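Here's the structure, in structure tokens; my notes come after.
No lab work stands behind these numbers, since they all come straight from the coordinates. Since the model is a prediction, treat every value here as computed from it, not as a measurement. Heads up, the Cβs are rebuilt from the backbone with ideal geometry, glycines too, and the neighbour counts pull from every protein chain shown.
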Amino acid sequence: MDIAGFPHGQLIPGDSNPGNTKLSPGGVGRNIAENIALLGNKVEMYSVVGDDIYGKKLIEESALSGVDMSNVKIIPGSSTGTYMAILDENMDMHIAISSMDIYSYLDKDYILQNKDGIFESSIIAFDTNLSKDNLKFAVELFKSKKLFLDTVSSEKAKIAKEIIGFFHTIKPNKLEAQILTDISIENQNDLIASAELLHSKGVVNVCISLGSEGVFYSNSKERGLVRIPDIKIRNATGAGDAFQAGLIHGELEGMDLSESVKIASATAAMTMDAESTINKSITIEKILGLLKKMEVRKL
């Protein structure tokens with residue numbers, strides 16, 4: 001569950017800031033799943049929640065958006081994962097705390113119990129809230145499928161570093177890409193070098209988020225930069241998750257990577273235009289309407 005704090009004015013660290021708070025369903029994997037459903041795709045969620053009011057709300061609200069939550073396991077006596085973010089006056093994250101101890105129950109037994117259903121998927125998307133051992137176990141189990149990875153954070157990106165070559169598509173930000181490649185990214189040549197290293201390990205599609213500068217993308221056929229026009233940001237918290245959903249939608253539709261990145265960027269832009277982590281008004285029709293505003297530069 002996401003808990004976000006918004007200051008009325010400039011955020012003053014070390015002080016009590018007048019503002020508003022908002023509670024909304026979150027979780028990287030769940031956010032991706034809900035956005036995939038909003039884009040009109042069939043999606044199943046495999047995860048764990050606590051037997052508390054947050055867990056109940058997450059299951060109910062996700063199902064309302066079209067996510068199949070029937071395989072989500074409720075853990076008695078445990079608290080549902082929470083992500084608490086403090087945003088600054090620009091509505092960008094200043095600091096956050098994630099409480100994810102419950103994911104220790106997302107273990108090998110759970111994965112094996114659900115492996116037949118997971119194998120039926122065209123694409124399997126992971127985030128790094130799994131432990132290192134369990135992520136490695138799952139990735140090796142499903143390596144014959146198209147695997148997508150959301151690295152979540154620079155610290156959690158380390159979990160996937162040894163097995164990064166198993167993934168078909170990854171979307172780290174610049175700092176996470178540096179963790180994965182040990183290459184300091186200062187310019188365009190560094191981006192290309194990072195992507196080439198990841199391709200050499202087995203990654204098919206590499207998308208590196210550059211914040212306001214856009215997204216660098218690369219595969220064996222094309223590479224370039226996609227940038228959205230300046231927009232008013234209401235909440236940037238769920239933008240990366242929406243971007244991942246857009247990439248998955250593009251792959252399901254058989255799009256070239258550049259087209260998938262445009263879809264993903266437009267999905268992220270619509271998400272940043274909402275105060276909640278998820279923009280419930282997202283539709284593929286609205287996303288397609290934004291594509292003409294995308295700035296694409298081939299490299």
The range 92-177 - percent relative contact order, Cα under 8 Å, separation 6 or more: 26 percent
Which value, in debye to the nearest 20, describes the size of the charge dipole of the chain about its Cα centre when Lys and Arg Cβ atoms bear +1, Asp and Glu Cβ atoms bear -1, and nothing else is charged? 580 debye
Can you order the peptides 182-188, 62-68 by their average number of other Cβ atoms within 10 Å per residue, highest first? 62-68, 182-188
Cross-link partners among aspartates and glutamates for K73, C-alpha distance below 14 Å, same-chain residues fewer than 8 apart left out? E44, D51, D52, E60, D107, D109
Theoretical gain in end-to-end length, S154 to L141 [0.36 nm per residue, Cα-Cα removed]: 2.2 nm
For K293, the lysines lying under 26 Å Cα to Cα, once residues fewer than eight places off in the same chain are dropped, come out as K171, K174, K221, K232, K262, K280
For the chain, set up a GNM with springs between Cα atoms under 10 Å and report which of I12, I59, I159 has the largest fluctuation. I12
Between the range 145-171 and the range 261-296, the Cα center-to-center distance that results, in Å: 24 Å
When the dipole is taken about the Cα centre of the range 36-152, and only Lys, Arg (+1) and Asp, Glu (-1) are charged at their Cβ, what size is it in debye, to the nearest 20? 480 debye
Sequence-separation-based contact order of the chain, relative, with Cα cut under 8 Å and 6+ spacing, percent: 16 percent
Please report, in whole Å, how far the alpha carbons of the chain spread along each principal axis, starting with the longest. 51, 50, 38
So in the range 2-298, what percent of DSSP beta bridges are antiparallel if you round to the nearest 5? 55 percent
Sticking with the crude label model, points 7 Å out along Cα→Cβ, report the distance from K232 to L23 in nm, one decimal please. 2.8 nm
Write down Rg/Rh for the range 5-88, rounded to two decimals, with Rg from the C-alpha atoms and Rh from the Kirkwood relation over Cα pairs. 1.08
Highest mean first, what order results for 260-272, 244-256 on Cβ atoms within 10 Å? 260-272, 244-256
